[in-house]
1. Please report the carbon-and-sulfur percent of the accessible area for the chain; probe 1.4 Å, protein heavy atoms only, DNA, RNA and ligands left out.
2. Give the residue from Val212, Thr73, Pro42 lying farthest towards the positive end of the charge dipole for the chain; charges sit on Cβ (+1 for Lys and Arg, -1 for Asp and Glu) and the dipole is referred to the Cα centre.
3. What dipole magnitude, in Debye to the nearest 20, does the stretch 191-233 give about its Cα centre under +1 on Lys/Arg Cβ and -1 on Asp/Glu Cβ?
4. Measuring from a point 7 Å past the Cα of Val128 along Cα-to-C-beta, which residues in the stretch 227-242 have an amide N at less than 19 Å?
5. From the helices alone, meaning DSSP H stretches of at least four residues, give me the mean residue ellipticity at 222 nm for the chain, per-run term -39500 (n - 2.57), in deg cm²/dmol to the nearest 500.
6. Normalising by the residue count of the chain, find the relative contact order in percent from Cα pairs under 8 Å and 6+ residues apart.
7. DSSP beta bridges in the chain, what fraction antiparallel, as a percent rounded to 5?
8. Round to a whole angstrom and tell me the spacing of the C-alpha centers of the stretch 96-153 and the stretch 1-51.
Amino acid sequence: VLVTGAAGGIGRAVCRRLAQGGADVLAADRTEDALAGVPGRPVAFDVTDDAAVRRAVSEVGPLDGLVLCHGITALGPAADVPAAAVDRVLDVNLRGAILVTLAALPGLVQQRGRIAVLTSVAGFAPLVHRTAYAASKHGVHGFFDSLRAELAPAGVSVTLVAPSFTATGIEERAAYRSAGRLGTWSTTGEVLSPEQVAAAVVGGMAARRRLVLPSRTARLAYAVSRIAPARYEATMRRRVLG
């Protein structure tokens, strides 16, 4: 099983859980140094570099599983976020996920494998001051929901895992942070641990589930954003912005 973003909080927890279950884990991130202490064999490549992705995936051979955990964000009102930061978020979160998947696809089809993608509540509902992030995650849902339909006859499953806010430190690694905000950016609802999300990722992939909503907040967000989108938007804006 290849896990991208393996040096991050959720990726590291996913690698640990997979290894404990007996999987042969390939832990992928940009540098081998970043992967120190992560269970599994280190594989270093940048998910936005198509040639590097294809080279790395071809070297590890056919995969039984692919878990996409990499991601970054940009924080601030949409009008303040520079285009370069938007490009970076889309390049890593969406294009990077697509590049790795396409490189691994022939082997996954051969093995009738499983794909799990760490997405977010922001992949199906709006999130103020994180517009680039939400755009990237909406794109992830569109691509992988469509890919699932294509791959079903080949026996390859696609699982989307959409947690609510999780304690990963993603804000500190943001491609952009608005100068108008100080301290910790607002969250709302239950804040999950990386271990909780990792359990949802591995369990959902093992069961070949389509969508996993690993918290009450995520499940409520999914329901309310569909049944009463205006109410959801107002509630989210009030809770996140205060």
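1. Whole-percent figure for carbon plus sulfur exposure: 53.
2. Checking the options against the dipole of the chain, the answer is Val212.
3. My answer is approximately 240 debye.
4. Hits in the stretch 227-242 for Val128 at 19 Å: 228-242.
5. So the calculated ellipticity at 222 nm is -14000 deg cm²/dmol.
6. Contact order relative to length: 20 percent.
7. 0 percent
8. The distance from the Cα centre of the stretch 96-153 to that of the stretch 1-51 comes to 18 Å.
The values are calculated or read from the model by the stated rules, or taken from the named source; none is laboratory data. From a predicted model like this one, the values you see are computed outputs, not experimental measurements. Cβ atoms come from the backbone with ideal geometry, glycine included; neighbour counts cover every protein chain shown. Just so you know, the surface numbers come from the protein's heavy atoms only, side chains and all, with ligands and any DNA or RNA stripped out. Shrake-Rupley method; radii C 1.70, N 1.55, O 1.52, S 1.80 Å.
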